[in-house]
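Asks: Attaching a single structure in structure tokens format; questions to follow.
The values are calculated or read from the model by the stated rules, or taken from the named source; none is laboratory data. Remember, predicted model here, so these are calculated numbers, not experimental data. When we count neighbours, we look across all protein chains shown, and the Cβ atoms used for this are built from the backbone with ideal geometry, even at glycine. Surface areas here come from the heavy atoms of the whole protein model, side chains and all, with no ligands, DNA or RNA. Shrake-Rupley method; radii C 1.70, N 1.55, O 1.52, S 1.80 Å.
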Amino acid sequence: MSSSTSSELATARYGKTKVRVFRIVRDGKWHHVVEYNVEALLEGEIATSFTEADNSVVVATDSNLAKISPHILNAEKFALHLGTFLVSKYAHISKAFITVEQLRWSRIHVPGEAFPEGHPHSFYRDGDDKRVVKVEVDASAGKNKLVGRVTAGISDLLVLKSTGSAFENFYRDEFTTLVEVNDRIFSTSVDLTYTFAPIQIKAPTDEKKFEFVIPVQKDEEGYAGSIWDEDVPSRARAATLETFAVDESASVQVMIFTLKLDFRLILSP
């Protein structure tokens, strides 16, 4: 008896995950630190790397762009820069998917400090919650017609309130043992995501494809609440904590729905 089987590769994507990036940016007396876990995945004309062991189409995705990008301190801009570089530099790559997980570092405050912002070059790990940015840079329509799609948010934000939560009038049957309460302790871990409208990205014009143009600056029309607004993440986190603190929740479900925030708190400066 003989049998034959055939298969085909329907879609292909490859890359690296958990690439750790740590940078110190020195601006005179003031130092800035950032720590990322980065994932970079690529799509394009790469099928032969799977079907024919052809590594000539494989691009190393643990890019050294992190060393030179002027946008390293902002996760959204850095991810867009990296994705734009990858689809622009390599003719056979049509899409780049970049995920940046940012760990929290905050300035240490000391008694009698000279600056309200905190110490110029001393930091501490400020909590376990993370900023998460997911970016797709799409060059499918052409290398001069790049489209960026960005989703951002927070993960693992652990919160607790010692009152202001209840759970009553739920369905009861012979298997129910849970007691109704009108005042209880409530703790949960919050994941928040928000999605920006797709943007057009100017294709780099330099030979090395390092160029990345920020089209709108602070105080210019269209900046507030956009991908380029660097205060959106802090406003999103503050609005999440405020909503959790002040809402008198009747259940976890109501709290989840309420935490689908009034986005004016996030988008408005």
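Asks: Taking R0 as 45 Å, what's the FRET efficiency between residue 220 and residue 54 from their Cβ-Cβ distance, rounded to 0.05? Intermediate results must be reported in sequence, preceding the final value.
Replies: Values: r = 47 Å, r/R0 = 1.04.
Efficiency for this residue pair is about 0.45.
Asks: Can you give me the angle between helix 75-89 and the longest principal axis of the chain, using Cα atoms only, in degrees from 0 to 90, rounded to the nearest 10?
Replies: 20 degrees
Asks: Something else: Give me the distance between the Cα centres of the range 128-200 and the range 65-85, rounded to whole Å.
Replies: Centre-to-centre distance over Cα atoms comes out at 25 Å.
Asks: Oh, and also: Just in the range 91-181: which chymotrypsin sites (Phe, Trp or Tyr not before Pro) are loop by DSSP and have at most 14 other Cβ atoms within 10 Å? Mind dumping the intermediate values first?
Replies: Details: sites: 97, 105, 123, 124, 167, 170, 171, 175; in loops: 170, 171, 175.
For chymotrypsin sites (Phe, Trp or Tyr not before Pro) across the range 91-181 that sit outside H, G, I, E and B with at most 14 neighbouring Cβ atoms in 10 Å, the list reads 170, 171, 175.
Asks: Looking at the range 114-189, which GluC sites (Glu not before Pro) are in a loop (DSSP not H, G, I, E or B) and have at most 15 other Cβ atoms within 10 Å?
Replies: Values: sites: 117, 136, 168, 174, 180; in loops: 117, 168, 174, 180.
Loop-located and lightly packed - 117, 168, 174, 180.
Asks: What trypsin sites (Lys or Arg not before Pro) does the range 200-238 have in DSSP loop regions with at most 15 other beta carbons within 10 Å? List each step's numbers first, then the result.
Replies: On the way: sites: 202, 208, 209, 218, 235, 237; in loops: 202, 208, 209, 218.
Qualifying residues, ordered by number: 202, 208, 218.
Asks: Going by alpha carbons, how many degrees (0 to 90, nearest 10) lie between the helix axis of 232-246 and the longest principal axis of the chain?
Replies: Approximately 20 degrees, to the nearest ten.
Asks: Before I look further, what does the chain give for accessible area per residue, probe 1.4 Å, in whole square angstrom? Working shown, then result.
Replies: On the way: 15960 Å² over 269 residues.
Here the per-residue accessible area is 59 Å².
Asks: I've got another one for you. Please calculate the 1.4 Å probe accessible area of residue 52, with all protein chains present, and give it to the nearest 10 Å².
Replies: For residue 52, the solvent-accessible surface is approximately 130 Å².
Asks: What residue among 116, 233, 204 shows peak mean-square fluctuation when the chain is described by a Gaussian network model with Cα springs under 10 Å?
Replies: For the chain, modelled as a Gaussian network with Cα springs under 10 Å, the answer is 116.
Asks: Given a 1.4 Å probe and every protein chain left where it sits, what share in percent of the accessible area of the chain is carbon and sulfur? Working shown, then result.
Replies: Numbers: 8360 of 15960 Å².
C and S fraction of accessible area: 52 percent.
Asks: Figure the gain on full extension for residue 211 and residue 162 (residue separation times 0.36 nm, minus the Cα-Cα span) and round it to one decimal in nm.
Replies: Numbers: separation 49, 0.36 × 49 = 17.64 nm, distance 5.07 nm.
Length gained, residue 211 through residue 162: 12.6 nm.
Asks: Okay, next question. Ordered by residue, what ³J(HN,Hα) values in Hz, to whole numbers, does the range 186-192 give under the Karplus form 6.51 cos²θ - 1.76 cosθ + 1.60, where θ = phi - 60° and Gly and Pro are x?
Replies: 9, 9, 7, 10, 9, 10, 10
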